[in-house]
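For reference, the structure is listed below as structure tokens.
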Amino acid sequence: KQEVTQIPAALSVPEGENLVLNCSFTDSAIYNLQWFRQDPGKGLTSLLLIQSSQREQTSGRLNASLDKSSGRSTLYIAASQPGDSATYLCAIGGSNYKLTFGKGTLLTVNP
Amino acid sequence: GAGVSQSPSNKVTEKGKDVELRCDPISGHTALYWYRQRLGQGLEFLIYFQGNSAPDKSGLPSDRFSAERTGESVSTLTIQRTQQEDSAVYLCASSLDPGITQYFGPGTRLTVL
């Protein structure tokens, strides 16, 4: 059974800092990996999708990497802004592409 | 350009009652997923629909839970004889095809008293 762990559980940084969120998973037989953000009272917003054959994806200030052999992914956020404050979720796509989620990292970016 | 929509946004019910939750996926999306998020827990997969194929029900926690989808349109998740442990946010997601980005709805917050 796939297990997904996200570290740290919470992170507070001053505006402008670069930061890294970590995700680890136990079963390297994955189809894809998706990073989401979740804002209070709202659904999930997809940030980046990495297919199992890829090693990274970039979108704006975000960069996600995937190392299947070590069971790790990182989400790098450059020049953080208060609007980046949210819970960030890592999800592993398994058979039928159903997602197994970590519990998330609560990010607070202070002005 | 509507996204995934879900109704109701909030539902409060008494223990033992049946509830029905609705999901409208993005038009043209063949894959539809239901997840739930209990307080303090990560999101859990419940059920997956792909076109006219038999659904993947492997995540349903008990036989009180069932879901239907007609073609590639609306899906309903039904919980019979609700229990307090069913209290959670139920999220629906759809994707154009399996294996690509899943787009999530805002969820239905279910509270069982």
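The values are calculated or read from the model by the stated rules, or taken from the named source; none is laboratory data. These numbers were taken from a predicted model, which means no experiment stands behind them. Cβ: placed from backbone, ideal geometry, glycine included. Neighbour counts: every protein chain shown.
A few notes on this one:
- A residue that is closer than 18 Å to B:D18 by Cα and of a type in the set (D, E) occurs nowhere in region B:96-112.
- Screening B:S87 on (1) surrounded by fewer than 21 Cβ atoms within 10 Å (Cβ to Cβ); (2) in contact with an Asp or Glu (Cβ under 7 Å, 6 or more places away or on another chain); (3) at negative phi shows it passes everything except condition (2).
- Strands (runs of 3 or more DSSP E) wholly inside region B:29-113 that include at least 1 residues being more than 12 Å from chain A (Cβ to nearest Cβ) and without any contact (Cβ under 8 Å) to a residue 60 or more places away in the chain: B:65-69, B:75-79, B:88-95
- Test set (1) within 14 Å of chain B (Cβ to nearest Cβ); (2) at pLDDT 95 or above; (3) touching a Phe, Trp or Tyr at 6+ places or on another chain (Cβ under 9 Å) - A:N63 fails condition number: (1)
- Answer residue from region B:22-42, given it is out of contact with any Lys or Arg (no Cβ under 7 Å at 6 or more places or on another chain) and among the aliphatic types (A, V, I, L, M) and is surrounded by the fewest Cβ atoms within 10 Å (Cβ to Cβ) among those: B:L39
- All conditions but one from (1) modelled with pLDDT of 95 or more; (2) facing chain A (nearest Cβ under 9 Å) apply to B:N10; the one that does not is (2).
- Selection within region A:65-111 - aromatic (F, W, Y) and touching a Gly at 6+ places or on another chain (Cβ under 9 Å): A:Y88, A:Y97, A:F101
- Extreme residue, farthest from A:Y97 (Cα to Cα), among residues of region A:43-64 that are without any contact (Cβ under 8 Å) to a residue 12 or more places away in the chain and part of a strand (DSSP E or B): A:T58
- Residues in region A:63-111 that are surrounded by fewer than 19 Cβ atoms within 10 Å (Cβ to Cβ) and touching a helix residue (DSSP H, G or I) at 6+ places or on another chain (Cβ under 6 Å): A:P111 alone.
- Among the residues of region A:3-44, those identified as under 12 Å from A:T87 (Cα atoms) and surrounded by 15 or more Cβ atoms within 10 Å (Cβ to Cβ) are A:Q6, A:L11, A:L21, A:W35, A:F36, A:R37, A:Q38, A:G43, A:L44.
- Checked against the criteria, A:S80 counts as part of a loop (DSSP other than H, G, I, E, B), more than 14 Å from chain B (Cβ to nearest Cβ) and either in contact with a strand residue (DSSP E or B) (Cβ under 8 Å, 6 or more places away or on another chain) or within 19 Å of A:E17 (Cα to Cα) (or both).
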